[in-house]
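The structure under discussion is supplied below as structure tokens; questions concerning it will follow.
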Amino acid sequence: MNYHILTLFPEMVLNGLNTSIIGRAAEKGLLSIEAIDIREYSTDKHRHVDDYPYGGGAGMVMQPMPICEAYDALCEKIKKKPRVIYMTPQGRVFNQKIAEELAKEEDLVFLCGHYEGIDERALELVATDYLSIGDYVLTGGELPAMVMIDCISRLIPGVLNNDTSAEFESFHDNLLEYPQYTRPEEYRGLRVPEILLSGHHKNIDVWRREQSIKRTLERRPDLLTGASLSAKEAEYLKRLEIEIEKQE
Ligand code: ADE
């Protein structure tokens, strides 16, 4: 996977992504992260990349030329026209499923806006996807791009130590992750659930699935409609729901 980030703040995304697990994955050559400074494509003598909005109004708007030229130069360099994701609160809300779909690409461009936005013509000309990271407004697209890149990268084989760990975590199968414990067996009077010390792997697996179901019901019941449960698990869920109804 090769990420290309079009931004006015290259050091922000590079500093953020070249650490920890994603940084290590880049070092290992499992992915590459390139920040393209949009300002480098300004022809203005003061290197301006923004201007006042036509029709008036507050703030500044990023001009189309530096963005389109930066994208064209990239396409020329890599000899293809990759998908361009524009970070915007007006986009589809990013989720695990979208991450899985994007992880299949070989190159991805993240277009980060600033100020009051980007000239609509630049978006018409280069953007293929509009994505948001949630219903709130940030000052720019860099943090959303970093969030998405982190999430997509952990799905690339070899990025996490353990191949299988990504698929067993929260949102796999629309269930939240079960609770985890490590040493000591007792801390401030709280004991690790006995079953986890039993060494009985089959029972532990059943218990963990049930904990996932319980947690999802308590914290994110909206996810349960998309979960695939065995007949036994569906029964367990029913019992929990009846219990909750009784308590109410
Ligand atoms: N740019 C500003 N706010 C954003 C958000 N919530 N998601 C994606 N891009 C943004």
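Hey, among the residues in segment 195-248 that are surrounded by 13 or more Cβ atoms within 10 Å (Cβ to Cβ), of a type outside the set (A, V, I, L, M) and within 12 Å of Leu176 (Cβ to Cβ), which one's nearest to the chain's Cα centre (by Cα)?
Arg220
Output the residues belonging to segment 1-33 that are buried (at least 17 other Cβ atoms within 10 Å of the Cβ) and in a strand (DSSP E or B).
Passing the criteria: Tyr3, His4, Ile5, Leu6, Thr7, Ile33.
Take Tyr41 and tell me if it is among the aromatic types (Phe, Trp, Tyr), without any contact (Cβ under 8 Å) to a residue 60 or more places away in the chain and within 16 Å of the ligand (Cβ to nearest atom).
So Tyr41 does not fit the description; no.
Yes/no matrix, rows are residues, columns are (1) within 30 Å of Tyr41 (Cα to Cα); (2) surrounded by fewer than 18 Cβ atoms within 10 Å (Cβ to Cβ); (3) modelled with pLDDT under 95:
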position: Gln96; (1), (2), (3): no, yes, yes
position: Ile118; (1), (2), (3): yes, no, no
position: Leu125; (1), (2), (3): yes, yes, no
position: Val137; (1), (2), (3): yes, yes, no
position: Asp150; (1), (2), (3): yes, yes, no
position: Asp163; (1), (2), (3): no, yes, yes
position: Glu169; (1), (2), (3): no, yes, yes
position: Val192; (1), (2), (3): no, yes, no
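The values are calculated or read from the model by the stated rules, or taken from the named source; none is laboratory data. These numbers were taken from a predicted model, which means no experiment stands behind them. So basically every Cβ, Gly included, is an ideal-geometry build from the backbone, and we count neighbours across all protein chains shown.
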